[in-house]
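Everything below concerns the one structure shown next.
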Amino acid sequence: MANKKYITPRGIAKYPKTDKGYKWNDSANRNTPDPDGEYMLDLIVSEEGLAPIKRVVETFLKEGNLKAKNKPWQKNKDKDGTELDTYIVKFKQYAKNQDGSKRVLPHFDAKARKLPEDFMLTNGSTVAVQYHPFYYKAQGGGVKLYLDSIQVIDYVQWEGSSPFDAVDDGFTYEGETDNSDYDEDTINEDEDDSVPY
């Protein structure tokens, strides 16, 4: 099961860092760009949206006879610390391959067309995430969800990206796309029979 990839139900991206690697910086007290860091994405989902992700993790642990104190999700909270009726699921992926080369994190649009490598995902965008689980032994054991690719269903325009208003009858970029990296073995969690029980 460790080699299988899964696709989450749709969720909301929370402060995604998927354009370049990031690493925690103590002096800045936040994650800052670092080519040796990780891509990071917190996905806000409902309890219903969390259910298939939980099934993947629970089945992964059961098949490996593993115990995990730490799970890759938590209750979502507002600014005052009050728990909401949604959850945050954490996804990460190393920004470099094992040979030291840059790892490109693929992004696709709603029509499954590959987006440019420098595409910057924005906070509040609706996305689906392709991922696979990985077990670690530290701190009582846990499961990390490796981020493999992202589909952008509804893109929230970054307010600072352009000083201009959109024009309906003007030029629209329709760049070349490449879907050669598409993985037909991916299991889509929106389908009832896609996740083993």
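Since every read-out is calculated from the coordinates, none of them should be taken as a lab result. Everything numeric in this text was worked out from a predicted model, so none of it was measured. Cβ coordinates were reconstructed from backbone atoms using ideal geometry, including for glycine residues, and neighbour counts include every protein chain displayed.
Could you give the dipole magnitude of the range 1-154 about its Cα centre, charging the beta-carbon of Lys and Arg +1 and that of Asp and Glu -1, in debye to the nearest 20? Working shown, then result.
Details: 27 positive and 20 negative charges, 97 e Å.
Computed about the Cα centre, the dipole is about 460 debye.
What list of ³J(HN,Hα) values in whole Hz, one per residue of the range 89-101 in order, does the Karplus curve 6.51 cos²θ - 1.76 cosθ + 1.60 (θ = phi - 60°) give from phi, with Gly and Pro shown as x?
Along the range 89-101, the couplings run 10, 9, 10, 9, 7, 5, 7, 10, 6, 4, 7, x, 6 Hz.
Stokes-Einstein D for the range 58-162 at 37 °C, 0.692 mPa s, Kirkwood Rh over Cα pairs, in µm²/s?
The estimated diffusion coefficient comes to 202 µm²/s.
Please list, short to long, the whole-number percent of alpha-carbon pairs of the range 1-103 in consecutive 5 angstrom bins beginning at zero.
Reading the bins upward from 0: 3, 11, 16, 19, 20, 18, 10, 3, 0.
Are there trypsin sites (Lys or Arg not before Pro) in the range 40-73 that DSSP marks as loop and that have at most 15 other Cβ atoms within 10 Å, and which are they?
Here the trypsin sites (Lys or Arg not before Pro) that fit, given the DSSP loop and packing criteria, are LYS67, LYS69.
Residue by residue through the range 72-87, which ³J(HN,Hα) values in whole Hz follow from phi under the Karplus form 6.51 cos²θ - 1.76 cosθ + 1.60 (θ = phi - 60°), with glycine and proline marked x?
For the range 72-87, the Karplus-derived couplings read x, 9, 7, 5, 7, 10, 7, 5, 8, x, 7, 5, 9, 8, 10, 10 Hz, x marking Gly and Pro.
For a protection proxy built on the mean count of beta-carbon atoms within 10 angstrom, sort 92-102, 40-50, 78-88 highest first, please. Please list the in-between numbers first.
Details: 92-102: 12.9, 40-50: 18.3, 78-88: 10.7.
Order by mean packing, descending: 40-50, 92-102, 78-88.
Tell me, what is the Rg over Rh of the range 35-75, with Rh the Kirkwood radius over Cα pairs? Walk me through the intermediate numbers first.
On the way: Rg = 12.7 Å, Rh = 12.1 Å.
We get a ratio of 1.05 for the range 35-75.
Could you tell me which of rounded, prolate or oblate describes the range 54-113, using a ≥ b ≥ c as the square roots of the eigenvalues of the alpha-carbon gyration tensor, with rounded for a/c under 1.5 and, failing that, prolate when a/b is larger than b/c and oblate otherwise? It would help to have the intermediate numbers written out before the result.
Details: a/c = 1.86, a/b = 1.24, b/c = 1.50.
Oblate, since a/c reaches 1.5 and b/c is not below a/b.
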